Every structure is written in C-alpha cells, then in structure tokens.
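All remarks here apply to the structure that follows.
The values are calculated or read from the model by the stated rules, or taken from the named source; none is laboratory data. Quantities reported herein were computed from a predicted structural model and do not represent experimental measurements. We place every Cβ from the backbone using ideal geometry, glycine too, and count neighbours over all the protein chains shown.
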Amino acid sequence: MQALTEQELHNLAMNIVGRELEADGYEFMGVNSKPGKNPQFVCLKEKVLHFIVVRPVAYPDNPREYDAGLMARVKTHAENFEARTYYAGVGLSNAADRNAPVFLNEKYIVDYEGLIEI
C-alpha cells in the first residue's frame, strides 16, 4: 500500500472543492495546485471575484480551523482586486483506520462543509 504524498492529498482536496465550485456556478479564472502558492482558485461568480485557499487536513485536526495570518495576507491581496476571500479546509482520513494515512486506491472519508468566508 502506498500512502498519498502531500501533493496528492492537496490535489485530492482541490478536486473536491473544485467540483463543488463548478456545480455552484463558479467560473475558474485561475487554478494553482502548488501547495505553497495562494490562493488555489481565483473564480468569478455573478461578476464578483473570489479568492479561495484550499488545504487538505489530516484527521484528527479540524478542517474548519485555518492559519489566521495566512488568510489575512490573502484577504489583503484579494481586496486589491475587490475580491472576496474564502478558506476551504478538506478533512481527509483513511476509511478503515482514521489514524492511518490515506492510501492510493483505498477508500477515504471526506470532512468538508463548504467555503468559510474570511
């Protein structure tokens, strides 16, 4: 069994959030899948720009808790573009053992309750 890398976990979280954004009518203006580069999504919806930071969060950490300093910096940047800022924390855990890593081609649990506006 092969555990997912940090980049693979990040991509999985981005796919989960991206599918929801698409279903909710967001238009993607920019997508950045590099974990250290923020925001991950720059989207347009109803003529309003949205900056969205995506983070995969390992169990037992709370996916709704975020780095306030980072989000303040992203919000300041977003305000220069008259954009709204959101955090999307996606909890990911192994379905068989929540304390084990998420493995490639194995079932996993998603704990994601949507965007948190900053």
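Residue check: ALA78 meets all listed conditions (1) within 14 Å of the chain's Cα centre (by Cα); (2) over 24 Å from THR5 (Cα atoms) but one, namely (1). The condition of being more than 18 Å from MET14 (Cα to Cα), aromatic (Phe, Trp, Tyr) and either touching a residue at least 24 places away in the same chain (Cβ under 8 Å) or touching a Ser or Thr at 6+ places or on another chain (Cβ under 8 Å) (or both) holds for only one of PHE81, PHE51, that being PHE81.
Residues considered: TYR87, TYR59, TYR112. Of these, the only one that is closer than 23 Å to GLN2 by Cα and of a type in the set (Ser, Thr, Tyr) is TYR59. When region 85-108 is limited to residues that are of a type in the set (S, T, N, Q) and under 15 Å from ALA58 (Cβ atoms), the one that is surrounded by the fewest Cβ atoms within 10 Å (Cβ to Cβ) turns out to be ASN99. The residue pairs whose first member lies in region 57-71 and is within 18 Å of TYR108 (Cα to Cα) and assigned to a loop (DSSP other than H, G, I, E, B), whose second member is polar (S, T, N, Q) and at pLDDT 95 or above, and whose beta carbons are closer than 9 Å, counting only pairs six or more residues apart or on different chains, are TYR59/SER93; TYR59/ASN94; PRO60/SER93.
Output the residues belonging to region 31-53 that are in contact with a Phe, Trp or Tyr (Cβ under 7 Å, 6 or more places away or on another chain) and either modelled with pLDDT under 95 or under 29 Å from ALA3 (Cβ atoms) (or both). Matches in region 31-53: VAL31, PRO39, PHE41, ILE52, VAL53.
So, LEU70, is that one of a type in the set (A, V, I, L, M, F, W, C), surrounded by 15 or more Cβ atoms within 10 Å (Cβ to Cβ) and closer than 16 Å to TYR87 by Cβ or not? In short, no. One residue stands out in region 4-56 among those that are in a helix (DSSP H, G or I) and β-branched (Val, Ile, Thr): the one that is nearest to the chain's Cα centre (by Cα), namely VAL17.
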